[in-house]
Structures are given as C-alpha cells and as structure tokens.
1. Considering only the stretch 87-146, how many residues are aliphatic (A, V, I, L, M) and touching a helix residue (DSSP H, G or I) at 6+ places or on another chain (Cβ under 9 Å)?
2. Go through Ala28, Ala21, Ala45 for me and flag whichever is over 21 Å from Phe78 (Cβ atoms) and surrounded by 19 or more Cβ atoms within 10 Å (Cβ to Cβ).
3. Cβ-Cβ below 8 Å, separation at least six or inter-chain, first residue in the stretch 80-94 and within 14 Å of Leu37 (Cβ to Cβ) and at pLDDT 85 or above, second assigned to a helix (DSSP H, G or I) and not small (Gly, Ala, Ser): which pairs?
4. Exactly one of (1) within 13 Å of Leu99 (Cβ to Cβ); (2) touching a residue at least 40 places away in the same chain (Cβ under 8 Å) is unmet by Lys121. Its number?
5. Given the criterion at pLDDT below 95 and either more than 30 Å from Ile143 (Cβ to Cβ) or of a type in the set (Ser, Thr, Tyr) (or both), identify the matching residue among Leu99, Leu39, Leu70.
6. Quick check on the stretch 103-129: of everything there that is open to solvent by 90 Å² or more (accessible area, probe 1.4 Å), of a type in the set (D, E, K, R) and under 14 Å from Arg154 (Cα atoms), which residue is farthest from the chain's Cα centre (by Cα)?
Amino acid sequence: MVILYGMTDFCFLVFNNMPWAWLILTVAFAVIEALTLSLTTIWFALGAFAMIFLSFMPIPFPVQIILFALISSVLLVFTRPIALKKLNTKKLAANADSLIGTQAVVLDAVGEQQKGSVKIKGIVWNAESEDGQAIESGIKCTIIEIKGNTLVLRRTL
C-alpha cells in the first residue's frame with residue numbers, strides 16, 4: 001500500500017504541475033537533439049514547448065498528450081524537409097572525389113590483370129580498367145570511380 005500511495009502522490013504532483021513537466025520534456029528533447037544532431041527530436045522539443053502554454057488551460061492530461069503528439073508530428077512532417085534543405089546537410093565532395101567524371105590520358109598501359117597509371121593535375125595515380133580490359137598508353141579515358149588510391153577508368157569513345 002505504501003508504494004501505491006507514493007505513486008499516487010507522484011502522479012498528483014505531476015498532474016498539478018504540468019507546465020513544469022512539459023518544460024522538463026522540452027529540455028530533455030533539446031539535449032537529445034544536441035547530442036545526436038539528427039534534426040528529429042527538436043520537433044518534439046518544440047511540441048513540448050507549445051504544451052507549456054497550453055497546459056495552463058484546463059485541458060485533461062490525455063488530451064494534452066494527444067495535442068503534444070499532433071503538434072510534434074505536424075512540425076516533424078511539414079518543417080523538417082524545409083529545415084534540411086536550408087541547412088544543406090549534403091556531403092561535400094573531397095578533392096579526390098572531384099576527379100570523378102574528368103578525362104585523363106593513360107601514362108602506363110593498364111593491363112588485364114595489372115594496374116597502370118594516369119596523370120591528372122600534376123599527380124600520378126594508379127589506374128585500372130572498369131571492365132578489366134587492357135588500355136594502351138596515350139588513350140583518353142574518363143574516371144568513373146575511385147577505389148582507395150586507384151582510379152577506375154572507362155575508355156572514352
């Protein structure tokens with residue numbers, strides 16, 4: 001009975017101080033967002049923040065939970081794509097990635113089972129053929145992929 005009585009006191013305390021409960025949830029969701037940077041829990045933090053003000057009105061607790069879920073879901077669905085676009089969280093290409101799609105001339109022939117070399121912007125790279133076919137020295141090729149420190153070439157027509 002003592003445990004049940006203690007739980008009743010806790011529930012009574014929470015339900016009579018809902019603005020504080022929503023504030024605690026706001027801070028918790030904001031901290032989770034700061035730790036993960038996933039741009040997901042921030043919308044729940046905003047929903048909990050809105051509930052701080054709505055909880056001053058005589059709204060039953062189950063309705064508050066439904067309002068919180070509704071506000072958070074609407075924010076998540078309709079504003080997250082806009083925020084992602086504005087924040088531009090796309091991966092920036094590294095210097096080596098910028099070589100993909102450029103043309104190169106083969107220096108040392110690429111064999112069926114051996115790597116050759118190409119020179120691009122003053123740097124000599126190991127190279128291999130896309131389909132495993134031999135490419136002779138002096139042939140123009142397009143870089144289609146980078147595997148470690150080896151460029152994968154496709155013969156330019």
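1. 3
2. Testing whether each residue is over 21 Å from Phe78 (Cβ atoms) and surrounded by 19 or more Cβ atoms within 10 Å (Cβ to Cβ) leaves just Ala21.
3. Cβ pairs passing all conditions: Arg80/Trp43.
4. All conditions are met except number (2).
5. Just a single option satisfies the conditions, and that option is Leu39.
6. Per the criteria, the residue is Glu112.
The values are calculated or read from the model by the stated rules, or taken from the named source; none is laboratory data. All figures in this text were calculated on a predicted structure; none of them were measured in a lab. Don't worry about glycine lacking a Cβ; one is built from the backbone with ideal geometry, like all the others, and counts go over all protein chains shown. With ligands, DNA and RNA removed, areas are computed over all heavy atoms of the protein, side chains included. Shrake-Rupley method; radii C 1.70, N 1.55, O 1.52, S 1.80 Å.
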